Every structure is written in structure tokens, then in C-alpha cells.
Amino acid sequence: MSADPSVFLMGEEVGEYQGAYKISKGLLDKYGPDRVLDTPITEAGFTGIGVGAAYHGLRPIVEFMTFNFSMQAIDHIINSAAKSNYMSAGQISVPIVFRGPNGAAAGVGAQHSQCYAAWYAHVPGLKVLAPYSAEDARGLLKAAIRDPDPVVFLENELLYGESFPVSAEVLDSSFCLPIGKAKIERQGKDVTITAFSKMVGYALQAADILAKEGISAEVINLRSIRPLDRAAINASVRKTNRLVTVEEGFPQHGIGAEICMSVVEDSFAYLDAPVERIAGADVPMPYAANLERMAVPQVDDIVRAAKRACYRAVPMAATA
């Protein structure tokens, strides 16, 4: 916002209240009410205003208090933003970022806990990012704001309260991450584990447990859901010969299904075991804490899946 006066933030409680989760703390005092705009509780209205502003050369950042509420504005996100560049033969650029918490929080029920990564990654014209660490959030958000295309930026409410080590490079004002590139969070040789957002932390915990049992797991932080870094995923699988995909979202038509198909298409001959897919339960998120835990992937689920992949070989094809 300091570098580009065309960038502005809008959404519910982003200004006076400094953000529902204090993400925009201090921005109103620094940039004023013309660039940090509190809106009514009308996602369809302020999202449409944001898209219109992007048509005219501004760079809006539209915050949803939860991505579940983006459903109120999905027509603007998909029809007005994602499709405009293509349908105008490149004449209309829509440099807008839609950001806010996505996925399961804690005790907030089905209307506030759904993962929309697969929904939005399905749409041509959108870029979809899902940061895990402070490094991801800083580098990817800057890239998203600078990008000429609409970007869906999926944060996680529970990660807002976590702290991450950051290097001097990350803190430098010029730091930015490329869109479409995954990060190898942990090198390994026995099994590849792909994850995004909060599930990266769970995958890393699982890798620690597996290491104590002699299994070396490589953990890939996807970072970018669309475009997906298929090259990095396939290169890892060709090294480890096994794959476990992890996501909070529903299993059917999910991110793990797309990753599995990518590996089947490009690296099937390298697989020594069937792909293991860990996903949320195929039910709306329960409110009760005990049921909620059962509906979301846990570290133990990842450990068991990795062990199955490592201890179960692909049967040899029958010979005539």
C-alpha cells in the first residue's frame, strides 16, 4: 500500500475495528478512510464495487470475514472477475485480491468451516493461493496484489495465532514469492506428503513421528492451488515412489484428487504403492467438539496413511 497508491482494502470491520482478526491493525491510521474502507454486511455489494474499481485500474483487496460468506458474492468473483479478461479478448484486466479465513476454525459450525480451495481452483481465470507460514503470507500476498489477474487468497483463522521464524530476507521490503511454485518444507526419500494451509503443520508433525520409526517423509507445501506446481509434486514422487495427499476439504473432486490424477498421468510407473488421500469427512462440519475433531484430518491419520504407503507394495501385473 505504501508503494502503490492504487491499492486499497475494503470489507467488514477492516478499519475502525482493525479487522475481525486484527489483520488490518493500524492500516486505517496509516492510510486513512479513503484506502481502508469499512463496508456494510453486504458481500455481494462491496465485492461488486471492488470488481468495478479493478476494471478502472485500481487494485482492491476485498476481505471476507470468512470465505463461507464469499458465496454471497460468487457471481462477482467468477462471472465479473474471473471471466472478464478472456471474454474481453484481453482488453479488461481485473487486478483484485479476495482474501480472508478459509477452512475449519473451532466450534463455529458448518456455515463457517468449509474449505473452498477446490471450489475456486476449478475456475479458469482465477489464481488461488493458500499460505501456511508467515513467509508464505508475506510473500504470496504481495505477489497476489501485484498480479494483473483476480486472486483468491485463502488464509486460516487458526494460523493467525501461530508464530513462525522469519529470515532477514523475508523481512526485506523487496521480498516476494512467485505464484505457482510449491515449497519443499522437509526433504525425504520414502514417501511424499502434499498439503496446504494448516495441514502443512500437521504433515510436518507427522513427518517427525515417522522419522522416529525410520520413515523419511518429504513434505511439500503447495502454496499455490491454481496454478498447481505439478512439476515439483511429480519430481518428489519420482524420488520417493509413494504419495499421501492431505487437505481439510471434502474428498470428492478435491485438491488431492487432482494431485493424484497428475501423478497418474505423469509418474504412474514410479509409484510403488497406491496413492493415499487424507481429507475432511464427507459431511457438513459438526458443531460438537468431539465430532468436529473426527471430521477434520489429524496428525495420526497422516502417519497411518504414510505407513500404509510404505509397507504396501503395488502387486505385479499378472503374466499370460
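Check every DSSP H run in the chain and write down those whose alpha carbon atoms cover 20 angstrom or more along the long axis and whose mean Kyte-Doolittle hydropathy is 0.5 or greater.
198-212
Rounding to the nearest 20 debye, state how big the charge dipole of the chain is about its Cα centre with +1 on each Lys and Arg Cβ and -1 on each Asp and Glu Cβ.
Charge dipole of the chain: 760 debye, to the nearest 20.
With only alpha-carbon pairs counted, each pair once and no self-pairs, how large is the Kirkwood hydrodynamic radius of the chain in angstroms?
Kirkwood hydrodynamic radius for the chain: 20.4 Å.
Net charge within 14 Å of Val303 by Cβ-Cβ distance, Lys/Arg positive one each and Asp/Glu negative one each, not counting Val303 itself?
-1
Counting other Cβ atoms within 10 Å, keep those with at most 12, restrict to DSSP loop, and tell me which GluC sites (Glu not before Pro) in region 156-211 are left.
Sites meeting the loop and neighbour criteria: Glu162.
What residues have an amide H closer than 5 Å to that of Arg186, excluding those fewer than 5 places away on the same chain, when H is modeled at 1.01 Å from N in the peptide plane?
Val219
Cross-chain or 8 or more residues apart, Cα under 15 Å: how many lysine pairs in the chain fit that? Count them up, please.
10
Counting Lys and Arg as +1 and Asp and Glu as -1, what is the net charge of the other residues whose Cβ lies under 14 Å from the Cβ of Ala211?
-1
Work out the charge dipole of the chain with +1 on the Cβ of Lys and Arg and -1 on the Cβ of Asp and Glu about the Cα centre, then indicate which of Ile215, Gln252, Ala281 is farthest towards its positive end.
Ile215
Can you show me the helix-derived [θ] at 222 nm for the chain, built from DSSP H runs with n ≥ 4 at -39,500 (n - 2.57) apiece and divided by the number of residues, rounded to the nearest 500.
-9000 deg cm²/dmol
Take Gln91 and Tyr287, extend 7 Å from each Cα along the Cα→Cβ direction, and tell me the distance between the two endpoints in nm.
5.1 nm
Could you work out the longest stretch of the chain that avoids the chymotrypsin sites (Phe, Trp or Tyr not before Pro) located in DSSP loops with at most 14 other Cβ atoms within 10 Å?
18-286
Multiply the residue gap between Met71 and His56 by 0.36 nm, knock off their C-alpha separation, and tell me the result in nm, one decimal place.
That pair, Met71 and His56, stretches by 3.0 nm at full extension.
Would you tally the net charge around Arg59, using a Cβ to Cβ cut-off of less than 9 Å, leaving Arg59 out, and scoring K and R as +1, D and E as -1?
Value of the local net charge: 0.
Which GluC sites (Glu not before Pro) in region 1-46 pass both tests, a DSSP loop state and at most 11 other beta-carbon atoms within 10 Å?
Qualifying residues, ordered by number: Glu16.
Quick note: the coordinates plus some simple rules give every number you see, no bench work behind them. Model, not experiment: these values are computed from the prediction. Here Cβ is always computed from backbone atoms with ideal geometry, including for glycine, and neighbour counts include all displayed protein chains.
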